[in-house]
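Participant: Structure in structure tokens, see below.
Quick note: the coordinates plus some simple rules give every number you see, no bench work behind them. Quick caveat: nothing in here was measured; it's all calculated off a predicted structure. FYI the Cβ positions are ideal-geometry reconstructions off the backbone, even for glycines, and counts take in every protein chain you see.
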Amino acid sequence: MTDTLPDARGRFGAFGGQYVPEVLMPALAQLEDAYREARAGGMFQITLDALLRDYAGRPTPLYLASRLTEHLGGARIYLKREDLAHTGAHKINNALGQGLLAKRMGKPRVVAETGAGQHGVAAATVCAMLGLECVVYMGQEDIRRQALNVFRMRLLGAEVRPVDSGSRTLKDAINEAIRDWVTNVESTHYLLGSVVGPHPYPMMVRDFQSVIGAEARQQLLEAEGRLPDYAVACVGGGSNAIGLFHPLYADDSVRFIGVEAAGKGLSSGHHAASLAAGRPGVLHGAMSYLLQDDAGQVSEAHSISAGLDYPGVGPEHAFYKESGRAQYVAVTDEQALQGFTLLCETEGIIPALESAHAIYHAAELAKRLSQDAIVLVCLSGRGDKDIDIVADALGERSS
Amino acid sequence: MSRIDDTFARLRAERRTGLVAFLTVGHPSVEDTLRLVPALIEGGADIVELGVPFSDPLAEGPSIQRSSHQALLQGVTPGVCLEVAGKLRAQGVTVPLIFMGYYNPLLAYGLEDFCHDAAQVGADGLIVVDLPPEESHPLRDACHRNGLDLIYLLAPTSTDERIELVAGLASGFVYCVSVTGVTGAREELPKALSSFVNRVRAHTALPIAVGFGISKPKHFRAVGRIAEAAVIGSAIVDEIDRSDPSQTVGKVKRYAEVVTGRRRAAR
């Protein structure tokens, strides 16, 4: 059972740890203490549960996608509707938890990184609601392709700071957020958006996101009287996937499939499939799988989906991969677009491009399974933010 | 005695503050590094840190980020950095040479292999910015098997328990980061610097070098009153970036002379 993981040193087997400059070590210790204290006491959880219900709209529905299921002719596909949570993605679950923790630690200022903008919007939202100052670092390239979310963050009172270094995407936004945190650590909490980074982030973000899997497990038992055969989720950093998988960890009959972004194809070199095509290394404070060259320089990732465009992955996923508990596959930009339009046309749901990767793989899987089988998919976010990208991509293909 | 121990013993005997000079290998080119290191030493550097560039230098401010990026564009790898150290020794450089960088390139090279090769080319130690004491044991073991010092960093936020932890592991010297922040030249040194250094001093007999934010002669003198050496990096990188390429060697030498007080500033 991974309830015992990470260990005292923040490790999931060989992965995880705390590879950060010394200046941050006391802040990580303070954060871990505050988190454990908050979890142990009653009030924090009561406040968080109330906000998840009244503010974020939880529990999110579990929806049997019957037309999609019929269309594919195989296993029944259930969608865990994180797209219906406030702000339109699962990111709010973690942002609420960490926002409350920042308040509890007496830190008036929050920094966050964002790729697609979903975590940035969730952080800005929670900061507005809790009265915290919010600065969001976002790569220049992502600001260009996710303009709607940039505007949302600004409306919510956050300052969006463009990051012009490196590949100008999520990885570089995390570098800048860490630099800000290093500089302002006394007053500032780093509201990291995924199950990456140094301990205790992978554990803490996992715990906050586990509401996804815990609800889905209960809802599916009520609907079907049994657990799914497969649980499928997209993996960038991997927070929605861990949130779905972790509460099902001990249910051995449930097979986990994490879907990474294969970009233009694994052989093209332009992809973001750290688990499928990377090797272990250290980035952003943790040992995990990493896209890197022979000299240990981190490679630039590529995905049509800004939220998956990250060369690393959470250490717990690396552990699941090594132990064989989960299987990791990769889906290309092209296939994700097919998943995107498939869900639009069969179910009237516009998924985020990130989630569309999981939809595509789940559809391929369901086709090959019998009608008795059940595939549970995390629909991690809604796709309004991606309309321009999809329009461009589909336009390019038809021309 | 190691070259690092020797150097600090001599500094003590001469009642001088040491200059630990940093530059990034391959900034602006590998050939320049081979000329700039001797120039820094002529100008007064007692120890040289050779920056091993990394794609994601998250403790660095704009200057060293830029120099790292430029070095990577030149194809500088840990292997190239080892070669550069070897060539510097062949040119007659005798001061301690310390590699400074991030953990992943060392992991990719192989910790034992890197330490072995570093010792072979005549390097004296390593500083790894993103490797706190808790994670340092594999590299520390590899360093010690090969006669290298692993230099630990402490920060103003380090608790007494953490200072004690580092004091129990450190050799060579202890690197005190002057500010809670990233590297980069600053106008003033923080007011609490001496109390921080004194706090460290209470736990270790090792020499202390203070770095981050130091650029001016008055900073160097102020650090000299509380520590054995001052580390200067970004200011040297800035000097290199500012200079006309034909004059960089002279400018960098002059900068070292001025900052250490061997020569009065002409401007």
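Participant: Between beta-carbons, use under 14 Å as the cut-off and find the net charge around A:Asp372, counting Lys and Arg +1, Asp and Glu -1.
Facilitator: +1
Participant: Sorted by packing (mean other beta-carbon atoms within 10 Å per residue), highest first, where do A:156-167, A:186-197 land?
Facilitator: A:186-197, A:156-167
Participant: While we're looking at this one, here's another question. Would you mind working out the magnitude of the charge dipole of the stretch A:116-251 relative to its Cα centre, with +1 at each Lys and Arg C-beta and -1 at each Asp and Glu C-beta, to the nearest 20 Debye?
Facilitator: 300
Participant: Could I ask something else about it? With a/c under 1.5 counting as rounded, go ahead and sort the stretch A:195-284 into rounded, prolate or oblate using the C-alpha gyration tensor (a ≥ b ≥ c being the square roots of the eigenvalues; past the cut-off, prolate if a/b is larger than b/c, else oblate).
Facilitator: Taking the square roots of the gyration eigenvalues as a ≥ b ≥ c, the stretch A:195-284 is oblate.
Participant: Next up: In debye to the nearest 20, how big a dipole does the stretch B:34-145 give about its Cα centre with +1 on each Lys and Arg Cβ and -1 on each Asp and Glu Cβ?
Facilitator: So the magnitude is around 400 debye.
Participant: Set Lys and Arg Cβ to +1 and Asp and Glu Cβ to -1, take the dipole of chain A about its Cα centre, and tell me which of A:Leu365, A:Gly99, A:Gly17 lies farthest positive.
Facilitator: Ranked along the dipole, the leading option is A:Gly99.
Participant: Quick one: in the stretch A:296-399, what % of C-alpha pairs are over 22 Å apart?
Facilitator: 38
Participant: So what is the relative contact order of the stretch A:63-136, in percent, for Cα pairs below 8 Å that sit 6 or more residues apart?
Facilitator: This gives 25 percent for the stretch A:63-136.
Participant: Which value does Rg/Rh take for the stretch A:235-384 over its C-alpha atoms, Rh per Kirkwood?
Facilitator: Reported Rg/Rh, Kirkwood definition of Rh: 0.97.
Participant: Find which of A:Leu220, A:Asn184, A:Gly157 sits farthest along the positive direction of the dipole of the stretch A:122-258, computed with +1 on the beta-carbon of Lys and Arg, -1 on that of Asp and Glu, about the Cα centre.
Facilitator: A:Gly157
Participant: Would you mind listing how long chain A runs along its three principal axes, going by Cα atoms, in whole Å with the largest first?
Facilitator: Extents along the principal axes, in whole Å: 57, 49, 42.
Participant: Could you rank the peptides A:86-96, A:255-265, B:145-155 by their average count of other C-beta atoms within 10 Å per residue, with the highest value first?
Facilitator: Ranked from most to least packed, the peptides come out as A:86-96, A:255-265, B:145-155.
Participant: Find out how many positive minus negative residues lie around A:Arg325, taking Lys and Arg as positive, Asp and Glu as negative, among other residues whose Cβ is under 13 Å from that of A:Arg325.
Facilitator: With Lys, Arg at +1 and Asp, Glu at -1, the net is -2.
Participant: Rg(Cα) of the stretch B:86-130 divided by 2.2 N^0.38 Å?
Facilitator: Working it through for the stretch B:86-130, the quotient is 1.18.
Participant: Compactness ratio of the stretch B:163-210: Cα Rg over 2.2 N^0.38 Å, N = residue count?
Facilitator: 1.20
Participant: Then there's this: Out of every Cα pair in the stretch A:1-126, what percent are spaced more than 25 Å from each other?
Facilitator: Value for the stretch A:1-126 (Cα pairs over 25 Å): 44 percent.
Participant: Pop a pseudo-label 7 angstrom from the Cα along the beta-carbon direction at both A:Ser187 and A:Ala223 and give the gap in nm to one decimal.
Facilitator: Rounded to a tenth, the inter-label distance reads 4.7 nm.
Participant: With r as the distance between the Cβ atoms of A:Arg144 and B:Glu257 and R0 = 56 Å, compute the FRET efficiency 1/(1 + (r/R0)^6) and round to 0.05.
Facilitator: Efficiency for this residue pair is about 0.75.
Participant: For each cysteine in the protein assembly as shown, check whether another cysteine's C-beta sits under 4.7 Å from its C-beta; list those where none does.
Facilitator: A:Cys234, A:Cys344, A:Cys378, B:Cys81, B:Cys115, B:Cys143, B:Cys176
Participant: Could you give the semi-axes, largest first, of the ellipsoid that matches chain B, computed as the square roots of 5 times the alpha carbon gyration tensor eigenvalues and rounded to whole Å?
Facilitator: Semi-axes, largest first: 24, 23, 18 Å.
Participant: Also, I was wondering about something else. Looking at the P(r) of the stretch B:1-145, how many percent of alpha-carbon pairs lie beyond 26 Å?
Facilitator: Counting pairs separated by more than 26 Å, the tail of P(r) holds 22 percent.
Participant: Placing +1 on the Cβ of each Lys and Arg and -1 on the Cβ of each Asp and Glu in the protein assembly as shown, which of B:Val48, A:Ala128, B:His219 has its Cα farthest towards the positive end of the resulting dipole?
Facilitator: The Cα lying farthest towards the positive end belongs to B:His219.
Participant: Moving on to the next point. Calculate the length of the line joining the C-alpha centroid of the stretch A:244-307 to that of the stretch B:236-254, in whole Å.
Facilitator: The two parts, judged by their Cα centres, are 42 Å apart.
Participant: Given a Förster distance of 25 angstrom, what is the FRET efficiency for A:Ala8 paired with A:Asp294, based on the Cβ-Cβ distance and rounded to 0.05?
Facilitator: That pair, A:Ala8 with A:Asp294, gives E of 0.15.
Participant: Just how far, in whole angstrom, is the stretch B:102-133 from the stretch A:46-115 if you go by their alpha carbon centroids?
Facilitator: Their Cα centres are 43 Å away from one another.
Participant: Moving on. Across the Cα atoms of the stretch B:212-251, what radius of gyration and what greatest pairwise Cα-Cα distance (Dmax) are found, in Å?
Facilitator: 12.1, 37
Participant: OK, next. For the pair A:Gln371 and A:Ser253, what calculated FRET efficiency results from E = 1/(1 + (r/R0)^6), where r is the Cβ-Cβ distance and R0 = 22 Å, to the nearest 0.05?
Facilitator: Given R0 = 22 Å and the Cβ-Cβ separation, E is 0.75.
Participant: Just how large is the dipole of the stretch B:217-267 about the Cα centre, in debye to the nearest 20, putting +1 at every Lys and Arg Cβ and -1 at every Asp and Glu Cβ?
Facilitator: Once rounded to the nearest 20, the dipole reads 360 debye.
Participant: For B:Lys218, which aspartates and glutamates qualify as cross-link partners when the Cα separation must be under 17 Å and same-chain residues fewer than eight apart are set aside?
Facilitator: The qualifying aspartates and glutamates are B:Glu187, B:Glu188, B:Glu228, B:Glu257.
Participant: May I pose another question? Can you give me the P(r) profile for the protein assembly as shown? Cα pairs, bins 10 angstrom wide beginning at 0, each as a whole percent.
Facilitator: 3, 16, 26, 24, 16, 10, 5, 1, 0
Participant: Turning to a different aspect of this structure: Going through the cross-link list A:Lys103/A:Lys385; A:Lys80/A:Lys321; A:Lys91/A:Lys367; A:Lys171/B:Lys87; A:Lys107/B:Lys191; A:Lys264/A:Lys385, which pairs have a Cα-Cα distance over 25 Å in this structure?
Facilitator: Among A:Lys103/A:Lys385; A:Lys80/A:Lys321; A:Lys91/A:Lys367; A:Lys171/B:Lys87; A:Lys107/B:Lys191; A:Lys264/A:Lys385, the Cα-Cα distance tops 25 Å for A:Lys103/A:Lys385; A:Lys91/A:Lys367; A:Lys171/B:Lys87.
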